[in-house]
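Engineer: A single structure is presented below for examination.
The values are calculated or read from the model by the stated rules, or taken from the named source; none is laboratory data. All values reported here derive from a predicted model rather than from experimental measurement. All Cβ positions, glycine included, derive from the backbone under ideal geometry; neighbour counts span all protein chains shown. Heavy atoms of the whole protein, side chains included, go into the accessibility calculation; ligands, DNA and RNA do not. Shrake-Rupley method; radii C 1.70, N 1.55, O 1.52, S 1.80 Å.
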Amino acid sequence: NAGVTQTPKFQVLKTGQSMTLQCAQDMNHNSMYWYRQDPGMGLRLIYYSASEGTTDKGEVPNGYNVSRLNKREFSLRLESAAPSQTSVYFCASVAGTPYNEQFFGPGTRLTVL
Amino acid sequence: QKEVEQNSGPLSVPEGAIASLNCTYSDRGSQSFFWYRQYSGKSPELIMSIYSNGDKEDGRFTAQLNKASQYVSLLIRDSQPSDSATYLCAVRSDFGNEKLTFGTGTRLTIIP
């Protein structure tokens, strides 16, 4: 039982390059979330998916797209990376009602040059 | 704008003492409260959740909730060097909404 997994762990991109961050969970949760974490800013929600086939914008969605491929997998895509997207990205899987605890993956540390 | 406020620290506590971490929130309708521990370079790990007023104890950890004062705290008894980490407070507004609002965290250092 791996919980939430993310790939890659580290990535360096040049401005304008694209990439996809992968996330998978084996807890049979319906909801999955993508956050970014920056020093002094805390965790900010980028996009989330309440169920397979649905996605919604969070607090900071600009410059990102997501795909909920199936119940297990939720990917985050940067189409044209910018230095402002340098951050640590966390995927979270959300347990069901009523408490909806969130469980985080190990994160992806992204640097955009 | 829903807000969750934490003292950023650093908070230094001698080994064996009680560490007290505090969090205030702005949304009076908030229902669920969580404490996450985050070691440097690692992901947040859920350590406590509390949903009703009063205290909830789990081992060396006690979460305290006072909805009237919009205040939630985490006490760590018999602090150990391995407790040195950043502690994030997270608040969920209501049972129909999964989204959490996170504080920016308090950095705790346990001094041997």
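Engineer: Within region A:1-49, which residues are open to solvent by less than 30 Å² (accessible area, probe 1.4 Å) and basic (Lys, Arg)? Can you show your working first?
Structural biologist: As a first pass, look at region A:1-49 and keep what is open to solvent by less than 30 Å² (accessible area, probe 1.4 Å): A:3-4, A:6, A:13, A:19, A:21, A:23-25, A:29, A:31-36, A:38, A:42-43, A:45-47, A:49.
Correct list: A:Arg36 only.
Engineer: On the basis of being under 12 Å from the mean Cα position of the chain (by Cα) and open to solvent by 40 Å² or more (accessible area, probe 1.4 Å), does B:Tyr36 make the cut? Reasoning before the result, please.
Structural biologist: Values: under 12 Å from the mean Cα position of the chain (by Cα): yes; open to solvent by 40 Å² or more (accessible area, probe 1.4 Å): no.
No; evaluated as a whole, the condition is false for this residue.
Engineer: Name the strands (runs of 3 or more DSSP E) wholly inside region B:1-102 in which the number of residues that are within 13 Å of chain A (Cβ to nearest Cβ) is 3 or more. Spell out how you get there, then give the answer.
Structural biologist: Values: elements: B:11-14, B:19-25, B:32-38, B:45-50, B:54-58, B:61-66, B:71-76, B:85-92, B:100-102.
Of the strands (runs of 3 or more DSSP E) lying wholly inside region B:1-102, those with at least 3 residues that are within 13 Å of chain A (Cβ to nearest Cβ) span B:32-38, B:45-50, B:85-92, B:100-102.
Engineer: Among the candidates A:Asn1, A:Asn62, single out the residue that is under 23 Å from B:Pro44 (Cβ atoms) and either outside any strand (DSSP E or B) or of a type in the set (Gly, Ala, Ser) (or both). Before you say what the answer is, go through the steps one by one.
Structural biologist: Numbers: A:Asn62 fails: under 23 Å from B:Pro44 (Cβ atoms).
Result of the check over A:Asn1, A:Asn62: A:Asn1.
Engineer: Looking at A:Ala50, A:Ala81, A:Ala95, which one is more than 20 Å from A:Thr7 (Cα to Cα) and out of contact with any Phe, Trp or Tyr (no Cβ under 8 Å at 6 or more places or on another chain)?
Structural biologist: Working: A:Ala81 fails: more than 20 Å from A:Thr7 (Cα to Cα); A:Ala95 fails: out of contact with any Phe, Trp or Tyr (no Cβ under 8 Å at 6 or more places or on another chain).
The conditions single out A:Ala50.
Engineer: Do we have A:Val112 as hydrophobic (A, V, I, L, M, F, W, C), touching a helix residue (DSSP H, G or I) at 6+ places or on another chain (Cβ under 6 Å) and over 22 Å from B:Ala90 (Cα atoms) here?
Structural biologist: On the way: hydrophobic (A, V, I, L, M, F, W, C): yes; touching a helix residue (DSSP H, G or I) at 6+ places or on another chain (Cβ under 6 Å): yes; over 22 Å from B:Ala90 (Cα atoms): yes.
Yes, satisfied.
Engineer: Please pick out the residue among A:Ser93, A:Ser80 that is surrounded by 15 or more Cβ atoms within 10 Å (Cβ to Cβ) and small (Gly, Ala, Ser). First the steps, then the outcome.
Structural biologist: Details: A:Ser80 fails: surrounded by 15 or more Cβ atoms within 10 Å (Cβ to Cβ).
None of the other options fit; the residue is A:Ser93.
Engineer: I'd like the full set of residues that are over 12 Å from B:Pro44 (Cα atoms) and open to solvent by 30 Å² or more (accessible area, probe 1.4 Å), limited to region A:102-112.
Structural biologist: The initial filter retains those residues of region A:102-112 that are over 12 Å from B:Pro44 (Cα atoms), namely A:108-112.
Answer for region A:102-112, where residues must be over 12 Å from B:Pro44 (Cα atoms) and open to solvent by 30 Å² or more (accessible area, probe 1.4 Å): A:Arg109, A:Thr111.
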